[in-house]
Amino acid sequence: MGKVTGFKEYSRKISDKRSVEERIKDYKEINLTLPGDEVKIQGARCMDCGTPFCNWGCPLGNLIPEFNHMVYKGLWEKAYKRLSLTNPFPEFTGRICPAPCEGSCTLGVNRDPVTIEQIEYTIIEKAYEEGWVKPEPPKVRTGKKVAVIGSGPSGLATAVRLNFFGHTVTVYEKDDEVGGLLRYGIPDFKLEKRFVDRRVTILKEEGIKFVTNCEIGKDINAKELLKDYDAVVLAGGCAIPRDLKVEGRELKGVHFAMEFLKQQNKKNSGKTFEEEEISAKDKVVIVIGGGDTGSDCIGTARRQGAKEVYQYEIMPKPPLERDETMPWPEYPRTLKTSTSHEEGCIREWLVNTKKIVGHKGTVRALHGVRVLWDKDSSGRMVMKEVEGSEFVQQADLILIAMGFTNPKKEGMLEQLGVKLDERGNVETDENYMTSIKGIFAAGDMRTGQSLVVRALNEGLRTAEAVDKYLMK
């Protein structure tokens, strides 16, 4: 694949980014476009490695060496068709996927891996530019109707595959526009919403119906769907954020990360909201949580004009390179520095929040302590506070970005009465069917919080299971 000696002749290269000084003044995408000729050279670096572990590392099973080779040869339309066989939305994964495929790239054993995500991004954008991405409605309809609850990544993937099979699909979304996490969770500087709109327009033209501003379990009784549809797919995501249960949590100025991010995405779209505005302008901001959502809060706070931004993570600082706990081709859980981190923040690890204090009901400071992790007698990792390491950090705004625990039980899940697992997620069998016949679950609602690319895979697999159920 690629050029036999390409990996020795060419170095890894990714697109440049807009300067920090420029990009923090707006919410437009950060990455600049890498010229097509440069991308072809990157495709040439793909080795004829025999066993393409990148396929194994990709949750979608993308045929990566094949489209890399086609790009190197300049066969862009063929590359697009090959990519589209496995990935319904390359314009999303090409922008926001952490690229587990690159972590499994054989070249990455002792060199820099192939720029797979960059190549994927370039293929799909060229496909749109050339007009290769067109609505492809099914030629025959089965007469079966399916309701998909939730229009996030897993819901959209489920809908597009079921529609491809010829079933009539209606997607219900509680928010005012389609996209779920893609619309209101991910900042515009990582994924401008015009790219979501572009794909949704195609899905509508292919025959998928969308009903927005409709929360199943509130606006419509969930059991009513069973009368109108031959199957129902629950793809509402993992909506309950993990809370910080400390003294002072109730103070004004302490918010969940998604409250903060959703407001800004609405403002970027020129929309209004009823709740009080959460602003980081001229404030000292603390982000609790070291994951991607915390990083998104940092970038958003910087654009709003925060005075200082701190990010606290309770776990140890990851190593810079692979160690014995993450052997190739496992995904390298090494230190990640996001574009938001580049824009300015103070990152600290091994910090636990003890309490939050305020004045007249408004947050003023965070009391923290340094911690260490060690194994107890049973081999389980336990956290211990470092004696004398307590500290106080001024704070005008605290954003809790500690992940999500489980789907919302009230409303839809309670009305349907589906069985939940020990973590509170919707339990399914090997065919993605819940405890109630004809009701299926996909994505984070079934597995718990995960990656967008895994949610897409979940949607596609669930759609296949639904099709087998409907067509016997």
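The values are calculated or read from the model by the stated rules, or taken from the named source; none is laboratory data. It should be emphasised that the depicted structure is a prediction, and the values quoted were computed from it without experimental measurement. Note that each Cβ is placed from the backbone with ideal geometry, even for glycine, and that neighbours are counted across all protein chains shown.
Just give me the residues in the stretch 307-344 being within 21 Å of P241 (Cβ to Cβ) and either touching a Cys at 6+ places or on another chain (Cβ under 7 Å) or assigned to a loop (DSSP other than H, G, I, E, B) (or both), in sequence order.
Passing the criteria: V309, Y310, Q311, I314, M315, S338.
I'm trying to understand the selection: among the residues of the stretch 449-463, which are of a type in the set (A, V, I, L, M, F, W, C) and surrounded by fewer than 19 Cβ atoms within 10 Å (Cβ to Cβ)?
The answer is L451, and nothing else.
Taking into account only those residues within the stretch 418-441 that are of a type in the set (D, E) and surrounded by 13 or more Cβ atoms within 10 Å (Cβ to Cβ), which is nearest to L470 (Cα to Cα)?
Per the stated criteria, the residue is E427.
What residue, among those in the stretch 40-54 that are in contact (Cβ under 8 Å) with a residue 12 or more places away in the chain and out of contact with any Lys or Arg (no Cβ under 9 Å at 6 or more places or on another chain), is surrounded by the fewest Cβ atoms within 10 Å (Cβ to Cβ)?
Checked the stretch 40-54; the qualifying residue surrounded by the fewest Cβ atoms within 10 Å (Cβ to Cβ) is T51.
Mind counting the residues in the stretch 389-441 that are assigned to a loop (DSSP other than H, G, I, E, B) and within 30 Å of N221 (Cβ to Cβ)?
Of all residues in the stretch 389-441, those assigned to a loop (DSSP other than H, G, I, E, B) come to 389-390, 395-396, 401-403, 407-411, 417-419, 421-425, 427-432, 434-438.
Next, from what is left, pick out any that are within 30 Å of N221 (Cβ to Cβ): 407-411, 417-419, 421-425, 427-432, 434-438.
Final tally of qualifying residues: 24.
Can you find, within the stretch 299-324, the residue that is nearest to Q393 (Cα to Cα) among those that are of a type in the set (A, V, I, L, M) and surrounded by 13 or more Cβ atoms within 10 Å (Cβ to Cβ)?
That would be V309.
Just to be sure, is E117 of a type in the set (D, E), outside any loop (DSSP other than H, G, I, E, B) and under 30 Å from S340 (Cβ atoms)?
So E117 fits the description; yes.
Scan K267, K262 and give me the residue that is of a type in the set (K, R), assigned by TED's automatic domain parsing to the domain that holds W373, farther than 17 Å from A401 by Cβ and in a helix (DSSP H, G or I). Break it down into steps so the answer makes sense when it comes.
Values: K262 fails: farther than 17 Å from A401 by Cβ.
Within the list K267, K262, the selection yields K267.
Kindly indicate whether any position in the stretch 184-202 is surrounded by fewer than 17 Cβ atoms within 10 Å (Cβ to Cβ) and either more than 27 Å from G299 (Cα to Cα) or outside the structural domain of A231 (by TED's automatic domain parsing) (or both).
Yes: one or more hits.
Looking at the structure I just gave you, is E91 part of a helix (DSSP H, G or I), of a type in the set (D, E), within 19 Å of P332 (Cβ to Cβ) and within 20 Å of the chain's Cα centre (by Cα)?
no
All but one of (1) loosely packed, with under 13 Cβ neighbours inside 10 Å; (2) in contact (Cβ under 8 Å) with a residue 12 or more places away in the chain hold for P327; which doesn't?
(2)
Just for the stretch 442-454: of the residues that are in contact with a strand residue (DSSP E or B) (Cβ under 8 Å, 6 or more places away or on another chain) and assigned to a helix (DSSP H, G or I), which one is nearest to E117 (Cα to Cα)?
So, considering only residues that are in contact with a strand residue (DSSP E or B) (Cβ under 8 Å, 6 or more places away or on another chain) and assigned to a helix (DSSP H, G or I), the one nearest to E117 (Cα to Cα) is D444.
If M1 satisfies all but one of (1) at pLDDT below 95; (2) farther than 20 Å from N87 by Cβ, what's the number of the condition it fails?
Just one mismatch for M1, condition (2).
Looking only at the stretch 319-328, decide whether some residue is under 22 Å from the mean Cα position of the chain (by Cα), of a type in the set (S, T, Y) and not assigned by TED's automatic domain parsing to the domain that holds P100.
No, the conditions are met nowhere in the stretch 319-328.
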